[in-house]
Amino acid sequence: MTIDASACPVIGVVLAIRGSVVDVRCHARLPRIFTVLRAGEQDALVEVMAHLDATSVRGVSLTSTQGLARGMLVRDSGGPLLAPVGPSIIGRMFDVFGATSDGGPPLGEVTWRSVHQAPPALTQRATTTQVFATGIKAIDALVPLERGGKAGLFGGAGVGKTVLLTEMIHNMVTHQQGLSIFCGIGERLREGEELYREMQKAGVLPSMVMVFGQMNEPPGCRFRVGHAALTMAEYLRDEQHRDVLLLVDNIFRFIQAGMEVSGLLGQMPSRLGYQSTMATELAALEERIANTAHGAITSIQAVYVPADDLTDPAAVHVFSHLSASIVLSRQRASEGLYPAIDLLHSNSKMATPGIIGARHYALASRMRQTLAQYADLKDIIAMLGLEQLSPEDRLVVGRARRLERFLTQPFSATEAFSSIPGKQVSLLDTLDGCERILADEFAHYPEEALYMIGAINEAVDKARITVDAAASSSPPSPPSPPPSPPSPPAPPAPLSPPSHLSKPTKSTPPSLPPGASPPEAHGSMTTRAATPSAGAALARTVEAAPAPAPAPIPAAAVATAAGAAP
Ligand SMILES: Nc1ncnc2c1ncn2[C@@H]1O[C@H](COP(=O)(O)OP(=O)(O)OP(=O)(O)O)[C@@H](O)[C@H]1O
Ligand SMILES: [Mg+2]
(Lines give C-alpha, C1' and ligand atoms only; values in the text may rest on other atoms or scores of the structure.)
(Ligands and ions follow the chains in the order given, each with its own letter.)
Protein backbone atom coordinates (compact mmCIF):
# COMPACT_ATOMS: atom_id res chain seq x y z
CA MET A 1 0.00 0.00 0.00
CA THR A 2 1.44 3.35 -0.95
CA ILE A 3 -0.54 5.59 1.39
CA ASP A 4 1.63 8.22 3.06
CA ALA A 5 1.73 7.33 6.77
CA SER A 6 1.77 10.95 7.91
CA ALA A 7 -1.55 11.51 6.13
CA CYS A 8 -3.25 8.92 8.34
CA PRO A 9 -4.94 10.16 11.52
CA VAL A 10 -3.46 9.14 14.87
CA ILE A 11 -5.95 6.91 16.70
CA GLY A 12 -4.02 5.76 19.75
CA VAL A 13 -0.81 4.40 21.22
CA VAL A 14 0.91 1.04 21.51
CA LEU A 15 -0.15 -0.64 24.74
CA ALA A 16 1.75 -3.93 24.59
CA ILE A 17 3.87 -5.94 22.15
CA ARG A 18 4.30 -9.70 22.38
CA GLY A 19 6.15 -10.99 19.35
CA SER A 20 3.88 -10.27 16.41
CA VAL A 21 0.90 -9.36 18.62
CA VAL A 22 0.38 -5.67 19.19
CA ASP A 23 -2.25 -4.20 21.55
CA VAL A 24 -3.32 -0.64 20.87
CA ARG A 25 -5.20 1.78 23.15
CA CYS A 26 -7.47 3.98 21.06
CA HIS A 27 -8.44 7.56 21.93
CA ALA A 28 -11.74 7.52 20.10
CA ARG A 29 -13.83 4.85 18.35
CA LEU A 30 -12.26 1.47 17.71
CA PRO A 31 -11.09 0.62 14.17
CA ARG A 32 -12.98 -2.20 12.41
CA ILE A 33 -11.69 -5.77 12.34
CA PHE A 34 -9.14 -6.25 9.50
CA THR A 35 -8.27 -2.52 9.49
CA VAL A 36 -4.56 -2.01 8.98
CA LEU A 37 -2.90 0.24 11.57
CA ARG A 38 0.52 1.82 11.19
CA ALA A 39 2.47 1.74 14.41
CA GLY A 40 5.61 3.53 15.53
CA GLU A 41 8.36 5.29 13.68
CA GLN A 42 9.23 2.26 11.56
CA ASP A 43 5.65 2.11 10.35
CA ALA A 44 4.87 -1.48 11.38
CA LEU A 45 1.65 -2.62 9.69
CA VAL A 46 -0.73 -4.22 12.17
CA GLU A 47 -4.00 -5.90 11.16
CA VAL A 48 -6.76 -5.59 13.77
CA MET A 49 -7.93 -9.05 14.80
CA ALA A 50 -9.93 -8.49 18.01
CA HIS A 51 -11.64 -5.78 20.02
CA LEU A 52 -10.45 -6.42 23.56
CA ASP A 53 -12.57 -3.87 25.40
CA ALA A 54 -14.13 -0.44 24.93
CA THR A 55 -10.78 1.27 24.29
CA SER A 56 -8.28 -1.31 23.10
CA VAL A 57 -7.78 -3.60 20.10
CA ARG A 58 -5.43 -6.50 19.45
CA GLY A 59 -3.75 -6.93 16.12
CA VAL A 60 -1.17 -9.10 14.42
CA SER A 61 1.74 -7.40 12.74
CA LEU A 62 2.30 -8.07 9.04
CA THR A 63 5.85 -6.75 9.31
CA SER A 64 8.60 -7.07 11.89
CA THR A 65 7.85 -5.48 15.26
CA GLN A 66 11.51 -4.89 16.02
CA GLY A 67 12.07 -1.41 17.44
CA LEU A 68 8.42 -0.92 18.30
CA ALA A 69 7.88 0.31 21.88
CA ARG A 70 5.00 0.97 24.23
CA GLY A 71 3.58 4.45 23.95
CA MET A 72 4.46 4.90 20.28
CA LEU A 73 1.80 6.53 18.14
CA VAL A 74 -0.56 4.40 16.06
CA ARG A 75 -2.20 5.71 12.88
CA ASP A 76 -5.28 4.39 11.10
CA SER A 77 -4.77 3.64 7.42
CA GLY A 78 -8.56 3.79 7.07
CA GLY A 79 -9.17 0.37 5.59
CA PRO A 80 -8.08 -3.21 5.22
CA LEU A 81 -5.03 -4.56 3.44
CA LEU A 82 -5.13 -3.61 -0.24
CA ALA A 83 -3.77 -5.25 -3.37
CA PRO A 84 -3.01 -3.42 -6.64
CA VAL A 85 -5.09 -4.37 -9.68
CA GLY A 86 -4.78 -3.14 -13.24
CA PRO A 87 -3.19 -4.16 -16.53
CA SER A 88 0.24 -3.07 -15.32
CA ILE A 89 0.45 -5.80 -12.66
CA ILE A 90 1.03 -8.41 -15.38
CA GLY A 91 4.64 -9.48 -15.57
CA ARG A 92 5.52 -8.17 -12.12
CA MET A 93 6.47 -9.66 -8.77
CA PHE A 94 4.82 -8.41 -5.57
CA ASP A 95 4.93 -8.79 -1.83
CA VAL A 96 1.83 -9.00 0.34
CA PHE A 97 1.51 -5.20 0.49
CA GLY A 98 1.43 -4.86 -3.29
CA ALA A 99 4.92 -3.41 -3.47
CA THR A 100 6.97 -4.67 -6.41
CA SER A 101 10.01 -6.70 -5.44
CA ASP A 102 11.55 -7.36 -8.85
CA GLY A 103 13.60 -4.18 -9.04
CA GLY A 104 11.67 -3.10 -12.12
CA PRO A 105 10.21 0.32 -13.02
CA PRO A 106 7.48 1.83 -10.82
CA LEU A 107 4.05 0.29 -11.24
CA GLY A 108 1.82 1.98 -13.81
CA GLU A 109 -1.80 2.98 -13.28
CA VAL A 110 -3.42 0.67 -10.72
CA THR A 111 -6.40 0.71 -8.41
CA TRP A 112 -6.18 -0.67 -4.91
CA ARG A 113 -8.70 -3.27 -3.85
CA SER A 114 -9.32 -4.88 -0.46
CA VAL A 115 -7.88 -8.37 -0.20
CA HIS A 116 -11.01 -9.46 1.69
CA GLN A 117 -13.65 -10.18 -0.94
CA ALA A 118 -16.77 -12.30 -0.86
CA PRO A 119 -16.85 -15.40 -3.06
CA PRO A 120 -19.01 -15.12 -6.21
CA ALA A 121 -22.69 -15.85 -5.58
CA LEU A 122 -24.02 -19.22 -6.67
CA THR A 123 -26.05 -17.55 -9.44
CA GLN A 124 -22.89 -16.10 -10.99
CA ARG A 125 -21.04 -19.37 -11.17
CA ALA A 126 -20.64 -21.21 -14.42
CA THR A 127 -22.33 -24.57 -14.44
CA THR A 128 -20.53 -26.14 -17.36
CA THR A 129 -17.73 -28.53 -16.66
CA GLN A 130 -14.68 -28.65 -18.87
CA VAL A 131 -11.46 -30.55 -18.69
CA PHE A 132 -8.26 -28.56 -18.28
CA ALA A 133 -5.51 -30.20 -20.32
CA THR A 134 -2.05 -29.98 -18.78
CA GLY A 135 0.07 -31.86 -21.34
CA ILE A 136 1.25 -34.12 -18.53
CA LYS A 137 0.36 -37.73 -19.40
CA ALA A 138 -0.30 -39.17 -15.96
CA ILE A 139 -2.56 -36.25 -15.01
CA ASP A 140 -4.50 -35.99 -18.26
CA ALA A 141 -5.08 -39.74 -18.44
CA LEU A 142 -5.97 -40.63 -14.87
CA VAL A 143 -6.58 -37.43 -12.89
CA PRO A 144 -8.14 -34.97 -15.37
CA LEU A 145 -8.23 -31.45 -13.94
CA GLU A 146 -11.24 -29.18 -14.13
CA ARG A 147 -11.17 -25.80 -15.84
CA GLY A 148 -12.07 -23.43 -13.06
CA GLY A 149 -11.59 -26.17 -10.51
CA LYS A 150 -9.16 -26.73 -7.73
CA ALA A 151 -6.53 -29.40 -7.78
CA GLY A 152 -4.17 -30.33 -5.00
CA LEU A 153 -0.68 -31.82 -5.20
CA PHE A 154 -0.27 -33.71 -1.98
CA GLY A 155 3.10 -34.90 -0.87
CA GLY A 156 5.70 -34.92 1.86
CA ALA A 157 9.00 -33.06 1.63
CA GLY A 158 10.94 -33.31 -1.61
CA VAL A 159 8.65 -35.49 -3.74
CA GLY A 160 8.33 -32.99 -6.57
CA LYS A 161 5.42 -30.65 -5.78
CA THR A 162 7.28 -27.49 -6.76
CA VAL A 163 8.70 -29.07 -9.92
CA LEU A 164 5.24 -30.19 -11.03
CA LEU A 165 3.78 -26.73 -10.37
CA THR A 166 6.58 -25.06 -12.32
CA GLU A 167 5.99 -27.43 -15.23
CA MET A 168 2.32 -26.53 -15.27
CA ILE A 169 3.20 -22.84 -15.60
CA HIS A 170 5.46 -23.70 -18.55
CA ASN A 171 2.73 -25.67 -20.27
CA MET A 172 -0.02 -23.18 -19.58
CA VAL A 173 1.87 -20.08 -20.58
CA THR A 174 3.83 -21.35 -23.55
CA HIS A 175 1.02 -23.23 -25.24
CA GLN A 176 -2.31 -22.05 -23.97
CA GLN A 177 -1.91 -18.28 -24.02
CA GLY A 178 -3.30 -18.08 -20.52
CA LEU A 179 -2.25 -16.01 -17.57
CA SER A 180 -0.66 -17.49 -14.49
CA ILE A 181 -0.44 -16.15 -11.00
CA PHE A 182 2.11 -17.80 -8.79
CA CYS A 183 1.58 -17.36 -5.08
CA GLY A 184 4.44 -18.44 -2.85
CA ILE A 185 3.32 -18.96 0.73
CA GLY A 186 5.87 -19.78 3.40
CA GLU A 187 8.24 -21.73 1.15
CA ARG A 188 11.93 -21.18 0.42
CA LEU A 189 12.95 -17.65 -0.44
CA ARG A 190 15.36 -18.85 -3.13
CA GLU A 191 12.54 -20.67 -4.96
CA GLY A 192 10.88 -17.35 -5.71
CA GLU A 193 14.10 -15.93 -7.07
CA GLU A 194 14.79 -19.07 -9.13
CA LEU A 195 11.27 -19.10 -10.53
CA TYR A 196 11.56 -15.47 -11.55
CA ARG A 197 14.82 -16.08 -13.40
CA GLU A 198 13.53 -19.25 -15.03
CA MET A 199 10.38 -17.55 -16.26
CA GLN A 200 12.43 -14.62 -17.48
CA LYS A 201 14.72 -16.97 -19.39
CA ALA A 202 11.77 -18.85 -20.85
CA GLY A 203 10.23 -15.53 -21.90
CA VAL A 204 6.94 -16.21 -20.16
CA LEU A 205 7.22 -13.41 -17.60
CA PRO A 206 4.85 -11.12 -19.59
CA SER A 207 2.05 -13.63 -18.90
CA MET A 208 2.72 -14.04 -15.21
CA VAL A 209 2.14 -12.34 -11.91
CA MET A 210 4.04 -13.47 -8.83
CA VAL A 211 3.17 -12.77 -5.24
CA PHE A 212 5.42 -13.95 -2.46
CA GLY A 213 5.21 -14.16 1.31
CA GLN A 214 7.92 -16.70 1.99
CA MET A 215 9.14 -18.40 5.15
CA ASN A 216 11.22 -15.42 6.27
CA GLU A 217 8.07 -13.30 6.68
CA PRO A 218 6.06 -12.97 9.90
CA PRO A 219 2.98 -15.22 10.25
CA GLY A 220 0.55 -12.35 9.65
CA CYS A 221 2.09 -11.75 6.23
CA ARG A 222 2.06 -15.44 5.25
CA PHE A 223 -1.57 -15.60 6.34
CA ARG A 224 -2.62 -12.79 3.98
CA VAL A 225 -0.48 -13.32 0.92
CA GLY A 226 -2.94 -15.86 -0.52
CA HIS A 227 -5.74 -13.30 -0.25
CA ALA A 228 -3.62 -10.72 -2.07
CA ALA A 229 -2.88 -13.12 -4.95
CA LEU A 230 -6.51 -14.16 -5.18
CA THR A 231 -7.62 -10.52 -5.38
CA MET A 232 -5.40 -10.05 -8.43
CA ALA A 233 -6.72 -13.28 -9.95
CA GLU A 234 -10.31 -12.10 -9.45
CA TYR A 235 -9.52 -8.84 -11.21
CA LEU A 236 -8.05 -10.65 -14.20
CA ARG A 237 -11.07 -12.96 -14.35
CA ASP A 238 -13.83 -10.40 -13.84
CA GLU A 239 -12.47 -7.33 -15.57
CA GLN A 240 -9.95 -8.61 -18.09
CA HIS A 241 -12.10 -11.69 -18.78
CA ARG A 242 -9.04 -13.89 -18.85
CA ASP A 243 -8.59 -17.47 -17.82
CA VAL A 244 -6.23 -17.53 -14.92
CA LEU A 245 -4.13 -20.34 -13.57
CA LEU A 246 -3.50 -19.73 -9.89
CA LEU A 247 -0.65 -21.77 -8.51
CA VAL A 248 -0.15 -21.88 -4.79
CA ASP A 249 3.00 -23.26 -3.21
CA ASN A 250 2.13 -24.11 -0.49
CA ILE A 251 -1.42 -24.00 0.88
CA PHE A 252 -0.36 -25.94 3.98
CA ARG A 253 1.78 -22.94 4.92
CA PHE A 254 -1.36 -20.79 4.82
CA ILE A 255 -2.98 -23.11 7.36
CA GLN A 256 0.22 -23.14 9.37
CA ALA A 257 0.35 -19.33 9.38
CA GLY A 258 -3.27 -19.29 10.57
CA MET A 259 -2.28 -21.64 13.35
CA GLU A 260 0.56 -19.33 14.39
CA VAL A 261 -1.71 -16.27 14.31
CA SER A 262 -4.31 -18.10 16.35
CA GLY A 263 -1.69 -19.15 18.88
CA LEU A 264 -0.34 -15.60 19.10
CA LEU A 265 -3.84 -14.36 19.81
CA GLY A 266 -4.10 -16.87 22.67
CA GLN A 267 -6.89 -18.98 21.16
CA MET A 268 -7.30 -22.58 22.26
CA PRO A 269 -5.86 -25.03 19.76
CA SER A 270 -7.95 -27.84 18.36
CA ARG A 271 -6.99 -31.25 16.95
CA LEU A 272 -3.21 -31.82 16.65
CA GLY A 273 -2.57 -28.20 17.64
CA TYR A 274 -4.35 -26.74 14.61
CA GLN A 275 -6.52 -23.67 15.13
CA SER A 276 -10.20 -24.29 15.75
CA THR A 277 -11.01 -21.84 12.93
CA MET A 278 -9.02 -23.72 10.28
CA ALA A 279 -12.03 -24.90 8.28
CA THR A 280 -13.53 -21.38 8.17
CA GLU A 281 -10.28 -19.71 7.18
CA LEU A 282 -9.58 -22.24 4.46
CA ALA A 283 -13.14 -22.07 3.10
CA ALA A 284 -13.02 -18.25 2.97
CA LEU A 285 -10.00 -18.52 0.67
CA GLU A 286 -10.95 -21.59 -1.38
CA GLU A 287 -14.54 -20.51 -2.08
CA ARG A 288 -13.24 -17.45 -3.93
CA ILE A 289 -11.56 -19.69 -6.47
CA ALA A 290 -14.49 -20.17 -8.84
CA ASN A 291 -15.62 -20.28 -12.41
CA THR A 292 -17.91 -17.44 -13.56
CA ALA A 293 -19.44 -16.47 -16.88
CA HIS A 294 -16.51 -14.05 -17.46
CA GLY A 295 -13.63 -16.42 -16.99
CA ALA A 296 -12.20 -19.11 -14.84
CA ILE A 297 -9.68 -19.31 -12.06
CA THR A 298 -8.16 -22.74 -12.20
CA SER A 299 -6.13 -23.35 -9.13
CA ILE A 300 -3.42 -25.89 -8.52
CA GLN A 301 -2.21 -26.00 -4.98
CA ALA A 302 0.74 -27.81 -3.51
CA VAL A 303 -0.17 -29.30 -0.15
CA TYR A 304 2.68 -30.32 2.08
CA VAL A 305 1.63 -33.42 3.99
CA PRO A 306 3.35 -33.52 7.38
CA ALA A 307 5.18 -36.82 7.89
CA ASP A 308 3.56 -38.21 4.71
CA ASP A 309 0.37 -38.71 6.75
CA LEU A 310 -2.65 -38.08 4.54
CA THR A 311 -4.96 -38.21 7.56
CA ASP A 312 -3.42 -35.01 8.94
CA PRO A 313 -6.28 -32.53 9.63
CA ALA A 314 -4.73 -29.93 7.32
CA ALA A 315 -4.59 -32.36 4.38
CA VAL A 316 -8.08 -33.67 5.12
CA HIS A 317 -9.58 -30.16 5.12
CA VAL A 318 -7.87 -29.23 1.87
CA PHE A 319 -9.08 -32.49 0.23
CA SER A 320 -12.69 -31.50 0.77
CA HIS A 321 -12.36 -28.37 -1.40
CA LEU A 322 -10.75 -30.01 -4.40
CA SER A 323 -12.10 -31.42 -7.61
CA ALA A 324 -8.89 -33.37 -8.21
CA SER A 325 -6.31 -34.71 -5.79
CA ILE A 326 -2.92 -35.70 -7.09
CA VAL A 327 -1.03 -37.66 -4.47
CA LEU A 328 2.72 -37.77 -4.91
CA SER A 329 4.40 -40.90 -3.67
CA ARG A 330 7.79 -41.11 -2.05
CA GLN A 331 8.21 -44.65 -3.31
CA ARG A 332 7.72 -43.69 -6.93
CA ALA A 333 10.11 -40.77 -6.48
CA SER A 334 12.72 -43.15 -5.04
CA GLU A 335 12.34 -45.37 -8.12
CA GLY A 336 12.93 -42.34 -10.35
CA LEU A 337 9.42 -42.55 -11.78
CA TYR A 338 8.84 -38.80 -12.13
CA PRO A 339 6.34 -37.19 -11.91
CA ALA A 340 5.98 -39.32 -8.79
CA ILE A 341 2.18 -39.44 -8.98
CA ASP A 342 0.59 -42.25 -7.02
CA LEU A 343 -1.68 -43.39 -9.82
CA LEU A 344 -4.01 -45.39 -7.61
CA HIS A 345 -4.47 -42.92 -4.77
CA SER A 346 -4.95 -39.86 -6.95
CA ASN A 347 -8.48 -39.15 -8.08
CA SER A 348 -10.59 -36.61 -9.88
CA LYS A 349 -14.27 -35.82 -9.85
CA MET A 350 -13.98 -35.27 -13.60
CA ALA A 351 -13.26 -38.91 -14.29
CA THR A 352 -16.81 -39.80 -15.29
CA PRO A 353 -17.98 -40.95 -18.73
CA GLY A 354 -20.26 -37.93 -19.08
CA ILE A 355 -17.34 -35.52 -18.86
CA ILE A 356 -14.27 -37.23 -20.27
CA GLY A 357 -16.10 -39.48 -22.72
CA ALA A 358 -16.75 -43.19 -22.81
CA ARG A 359 -13.47 -44.19 -24.44
CA HIS A 360 -11.27 -42.27 -22.02
CA TYR A 361 -13.30 -43.50 -19.05
CA ALA A 362 -13.11 -47.13 -20.10
CA LEU A 363 -9.40 -46.83 -20.75
CA ALA A 364 -8.75 -45.13 -17.40
CA SER A 365 -10.72 -47.87 -15.63
CA ARG A 366 -8.67 -50.56 -17.34
CA MET A 367 -5.45 -48.77 -16.47
CA ARG A 368 -6.45 -48.50 -12.84
CA GLN A 369 -7.48 -52.13 -12.81
CA THR A 370 -4.15 -53.24 -14.28
CA LEU A 371 -2.18 -51.08 -11.86
CA ALA A 372 -4.25 -52.30 -8.91
CA GLN A 373 -3.69 -55.93 -9.89
CA TYR A 374 0.05 -55.28 -10.10
CA ALA A 375 -0.02 -53.59 -6.68
CA ASP A 376 -1.74 -56.69 -5.25
CA LEU A 377 0.82 -58.98 -6.85
CA LYS A 378 3.83 -57.03 -5.58
CA ASP A 379 3.88 -58.85 -2.24
CA ILE A 380 3.74 -62.24 -3.90
CA ILE A 381 6.52 -61.25 -6.30
CA ALA A 382 8.64 -60.04 -3.39
CA MET A 383 8.17 -63.29 -1.46
CA LEU A 384 8.11 -65.96 -4.16
CA GLY A 385 9.46 -64.35 -7.29
CA LEU A 386 7.87 -63.54 -10.60
CA GLU A 387 8.20 -67.14 -11.74
CA GLN A 388 5.53 -68.23 -9.30
CA LEU A 389 2.87 -66.12 -10.92
CA SER A 390 0.38 -67.53 -13.35
CA PRO A 391 0.95 -66.66 -17.02
CA GLU A 392 -1.98 -64.23 -16.96
CA ASP A 393 -0.62 -62.47 -13.91
CA ARG A 394 2.79 -62.18 -15.51
CA LEU A 395 1.23 -60.46 -18.48
CA VAL A 396 -0.55 -58.07 -16.13
CA VAL A 397 2.74 -57.27 -14.40
CA GLY A 398 4.42 -56.57 -17.72
CA ARG A 399 1.58 -54.33 -18.82
CA ALA A 400 1.46 -52.43 -15.54
CA ARG A 401 5.21 -51.85 -15.46
CA ARG A 402 5.21 -50.58 -19.04
CA LEU A 403 2.24 -48.37 -18.25
CA GLU A 404 4.02 -46.97 -15.20
CA ARG A 405 7.06 -46.17 -17.27
CA PHE A 406 5.06 -44.66 -20.10
CA LEU A 407 3.41 -42.33 -17.58
CA THR A 408 6.76 -40.85 -16.60
CA GLN A 409 7.62 -37.69 -18.53
CA PRO A 410 10.60 -35.42 -19.00
CA PHE A 411 9.84 -31.88 -17.79
CA SER A 412 11.08 -28.55 -19.05
CA ALA A 413 11.46 -27.60 -15.39
CA THR A 414 14.07 -30.32 -14.86
CA GLU A 415 15.79 -30.05 -18.21
CA ALA A 416 18.77 -28.32 -16.60
CA PHE A 417 19.71 -31.30 -14.47
CA SER A 418 18.25 -34.23 -16.41
CA SER A 419 19.44 -32.94 -19.81
CA ILE A 420 16.35 -34.49 -21.40
CA PRO A 421 14.25 -31.87 -23.22
CA GLY A 422 10.81 -31.38 -21.68
CA LYS A 423 7.87 -32.90 -23.53
CA GLN A 424 4.20 -32.10 -23.62
CA VAL A 425 1.82 -34.77 -24.81
CA SER A 426 -1.69 -34.27 -26.09
CA LEU A 427 -4.50 -36.22 -24.50
CA LEU A 428 -5.09 -38.15 -27.73
CA ASP A 429 -1.46 -39.28 -27.89
CA THR A 430 -1.55 -40.25 -24.22
CA LEU A 431 -4.70 -42.31 -24.60
CA ASP A 432 -3.38 -43.88 -27.77
CA GLY A 433 -0.17 -44.92 -25.98
CA CYS A 434 -1.99 -46.35 -22.99
CA GLU A 435 -4.40 -48.24 -25.21
CA ARG A 436 -1.58 -49.81 -27.20
CA ILE A 437 0.30 -50.81 -24.06
CA LEU A 438 -2.82 -52.41 -22.63
CA ALA A 439 -3.23 -54.28 -25.91
CA ASP A 440 0.29 -55.72 -25.35
CA GLU A 441 1.61 -54.07 -28.47
CA PHE A 442 4.80 -53.16 -26.61
CA ALA A 443 5.07 -56.36 -24.59
CA HIS A 444 8.31 -57.32 -26.36
CA TYR A 445 9.85 -53.90 -25.91
CA PRO A 446 12.29 -53.27 -23.07
CA GLU A 447 10.62 -51.33 -20.29
CA GLU A 448 13.34 -48.74 -20.61
CA ALA A 449 12.15 -47.80 -24.06
CA LEU A 450 8.96 -46.42 -22.53
CA TYR A 451 10.70 -44.50 -19.74
CA MET A 452 10.84 -40.68 -19.92
CA ILE A 453 9.41 -40.36 -23.40
CA GLY A 454 6.67 -38.17 -24.80
CA ALA A 455 4.21 -39.82 -27.19
CA ILE A 456 4.31 -43.59 -27.60
CA ASN A 457 5.96 -43.57 -31.04
CA GLU A 458 9.13 -42.31 -29.37
CA ALA A 459 9.44 -45.74 -27.76
CA VAL A 460 10.25 -47.25 -31.14
CA ASP A 461 13.16 -44.86 -31.70
CA LYS A 462 14.34 -45.16 -28.13
CA ALA A 463 14.33 -48.94 -28.29
CA ARG A 464 16.37 -48.82 -31.49
CA ILE A 465 18.94 -46.49 -29.92
CA THR A 466 19.16 -48.71 -26.83
CA VAL A 467 19.55 -51.74 -29.02
CA ASP A 468 22.31 -50.12 -31.11
CA ALA A 469 24.13 -49.03 -27.95
CA ALA A 470 23.82 -52.50 -26.45
CA ALA A 471 25.04 -54.10 -29.67
CA SER A 472 28.06 -51.83 -29.95
CA SER A 473 29.06 -52.39 -26.30
CA SER A 474 28.55 -56.20 -26.24
CA PRO A 475 31.69 -58.39 -26.76
CA PRO A 476 32.11 -60.02 -30.16
CA SER A 477 30.34 -63.35 -30.29
CA PRO A 478 32.60 -66.46 -30.28
CA PRO A 479 33.04 -68.28 -33.58
CA SER A 480 30.25 -70.73 -34.15
CA PRO A 481 31.17 -74.37 -33.37
CA PRO A 482 31.65 -76.76 -36.29
CA PRO A 483 28.50 -78.53 -37.35
CA SER A 484 28.04 -81.63 -35.21
CA PRO A 485 26.65 -84.96 -36.42
CA PRO A 486 22.96 -85.51 -35.98
CA SER A 487 22.28 -86.22 -32.32
CA PRO A 488 19.38 -87.78 -30.43
CA PRO A 489 16.48 -85.47 -29.51
CA ALA A 490 17.93 -82.56 -27.54
CA PRO A 491 16.81 -81.70 -24.01
CA PRO A 492 14.62 -78.61 -23.63
CA ALA A 493 16.46 -75.38 -24.36
CA PRO A 494 17.79 -73.51 -21.35
CA LEU A 495 15.34 -70.98 -19.94
CA SER A 496 13.25 -71.64 -22.97
CA PRO A 497 9.82 -72.38 -21.50
CA PRO A 498 7.95 -69.23 -22.42
CA SER A 499 7.51 -67.73 -19.02
CA HIS A 500 3.85 -67.09 -19.56
CA LEU A 501 3.03 -70.43 -21.12
CA SER A 502 4.41 -72.88 -18.57
CA LYS A 503 4.48 -72.51 -14.84
CA PRO A 504 7.80 -73.70 -13.39
CA THR A 505 7.54 -75.33 -9.99
CA LYS A 506 9.99 -75.19 -7.14
CA SER A 507 11.09 -78.78 -7.69
CA THR A 508 12.06 -78.06 -11.29
CA PRO A 509 13.73 -74.66 -11.39
CA PRO A 510 14.42 -73.41 -14.88
CA SER A 511 17.96 -74.17 -15.90
CA LEU A 512 20.09 -71.23 -16.85
CA PRO A 513 22.46 -70.90 -19.74
CA PRO A 514 26.13 -70.65 -18.80
CA GLY A 515 27.00 -67.21 -17.52
CA ALA A 516 23.43 -66.10 -16.94
CA SER A 517 22.58 -64.76 -13.54
CA PRO A 518 19.72 -66.42 -11.67
CA PRO A 519 16.38 -64.65 -11.55
CA GLU A 520 16.22 -62.27 -8.63
CA ALA A 521 14.08 -63.12 -5.68
CA HIS A 522 12.23 -59.86 -6.13
CA GLY A 523 11.16 -60.91 -9.56
CA SER A 524 12.44 -57.88 -11.37
CA MET A 525 11.26 -58.02 -14.93
CA THR A 526 14.58 -56.73 -16.10
CA THR A 527 17.18 -58.97 -14.54
CA ARG A 528 17.07 -62.03 -16.67
CA ALA A 529 18.70 -60.59 -19.73
CA ALA A 530 21.87 -59.65 -17.88
CA THR A 531 24.15 -61.38 -20.38
CA PRO A 532 23.97 -61.78 -24.12
CA SER A 533 23.27 -65.50 -23.81
CA ALA A 534 20.47 -64.96 -21.35
CA GLY A 535 19.25 -62.25 -23.62
CA ALA A 536 19.14 -64.62 -26.54
CA ALA A 537 17.26 -67.12 -24.44
CA LEU A 538 14.78 -64.49 -23.43
CA ALA A 539 14.48 -63.52 -27.05
CA ARG A 540 13.10 -66.97 -27.73
CA THR A 541 10.64 -66.41 -24.94
CA VAL A 542 9.75 -63.14 -26.51
CA GLU A 543 9.31 -64.61 -29.94
CA ALA A 544 6.88 -67.11 -28.53
CA ALA A 545 4.92 -64.42 -26.72
CA PRO A 546 1.62 -63.47 -28.24
CA ALA A 547 2.40 -59.94 -29.38
CA PRO A 548 -0.53 -58.71 -31.44
CA ALA A 549 1.24 -56.18 -33.63
CA PRO A 550 5.01 -56.59 -33.43
CA ALA A 551 6.68 -53.27 -34.04
CA PRO A 552 9.62 -53.10 -36.44
CA ILE A 553 12.43 -53.87 -34.04
CA PRO A 554 14.67 -56.93 -33.79
CA ALA A 555 13.33 -58.97 -30.90
CA ALA A 556 16.66 -60.54 -29.91
CA ALA A 557 18.38 -57.20 -29.72
CA VAL A 558 15.49 -55.73 -27.78
CA ALA A 559 15.70 -58.46 -25.24
CA THR A 560 19.43 -57.85 -24.89
CA ALA A 561 18.75 -54.28 -24.04
CA ALA A 562 16.06 -55.12 -21.55
CA GLY A 563 18.45 -55.25 -18.63
CA ALA A 564 18.92 -51.53 -18.42
CA ALA A 565 15.36 -50.53 -17.52
CA PRO A 566 15.15 -48.42 -14.38
N1 LIG B 1 9.81 -34.47 -12.60
C2 LIG B 1 11.01 -34.60 -12.03
N3 LIG B 1 12.06 -35.04 -12.73
C4 LIG B 1 13.26 -35.18 -12.16
N5 LIG B 1 13.53 -34.90 -10.88
C6 LIG B 1 12.54 -34.44 -10.11
C7 LIG B 1 11.21 -34.27 -10.63
N8 LIG B 1 10.42 -33.81 -9.65
C9 LIG B 1 11.19 -33.70 -8.55
N10 LIG B 1 12.46 -34.08 -8.81
C11 LIG B 1 13.58 -34.10 -7.85
O12 LIG B 1 13.08 -33.95 -6.55
C13 LIG B 1 13.63 -32.78 -5.95
C14 LIG B 1 12.64 -32.12 -5.04
O15 LIG B 1 11.56 -31.62 -5.80
P16 LIG B 1 10.66 -30.40 -5.28
O17 LIG B 1 11.50 -29.27 -4.84
O18 LIG B 1 9.66 -30.13 -6.35
O19 LIG B 1 9.97 -31.07 -4.03
P20 LIG B 1 8.83 -30.48 -3.10
O21 LIG B 1 7.81 -31.53 -3.00
O22 LIG B 1 8.41 -29.14 -3.58
O23 LIG B 1 9.59 -30.38 -1.72
P24 LIG B 1 9.30 -29.40 -0.49
O25 LIG B 1 8.11 -29.94 0.24
O26 LIG B 1 10.54 -29.54 0.32
O27 LIG B 1 9.09 -28.04 -1.03
C28 LIG B 1 14.07 -31.93 -7.11
O29 LIG B 1 15.11 -31.08 -6.77
C30 LIG B 1 14.50 -32.96 -8.11
O31 LIG B 1 15.80 -33.39 -7.86
MG1 LIG C 1 8.50 -27.24 -2.80
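Data for the structure
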| quantity | calculated |
| --- | --- |
| Stretchable slack from V460 to Y361, in nm (0.36 nm times residue separation minus alpha-carbon distance) | 33.0 nm |
| Cα gyration tensor category, rounded, prolate or oblate, for segment 172-259 with a/c compared to 1.5 | oblate |
| Above-threshold pairs, the threshold being 26 Å between Cα atoms, out of K349/K378; K137/K161; K423/K462; K150/K423; K150/K462; K161/K201 | K349/K378; K150/K462 |
| Accessible area (Å², per residue) of segment 58-111, counting only protein heavy atoms and a probe of 1.4 Å | 42 Å² |
| Of all accessible heavy-atom area on segment 1-78, the percent that carbon and sulfur account for (1.4 Å) | 52 percent |
| Alpha-carbon centroids, segment 424-457 and segment 346-402: separation in whole Å | 15 Å |
| Label-reachable residues, segment 279-298, where backbone N falls under 16 Å from a point 7 Å from T128's Cα toward its Cβ | 291-298 |
| Within the accessible area of segment 310-367 (1.4 Å probe), percent carbon and sulfur | 60 percent |
| Global geometry of segment 71-218, whether rounded, prolate or oblate, following the gyration tensor of its Cα atoms and the 1.5 cut on a/c | prolate |
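The values are calculated or read from the model by the stated rules, or taken from the named source; none is laboratory data. Being a predicted model, the structure only gives us computed values, none of them experimental. Glycine also receives a Cβ, built like all others from the backbone with ideal geometry; neighbour counts cover every protein chain displayed. Please note that ligands, DNA and RNA were not included when accessible areas were found on the heavy atoms of the full protein model with its side chains. Shrake-Rupley method; radii C 1.70, N 1.55, O 1.52, S 1.80 Å.
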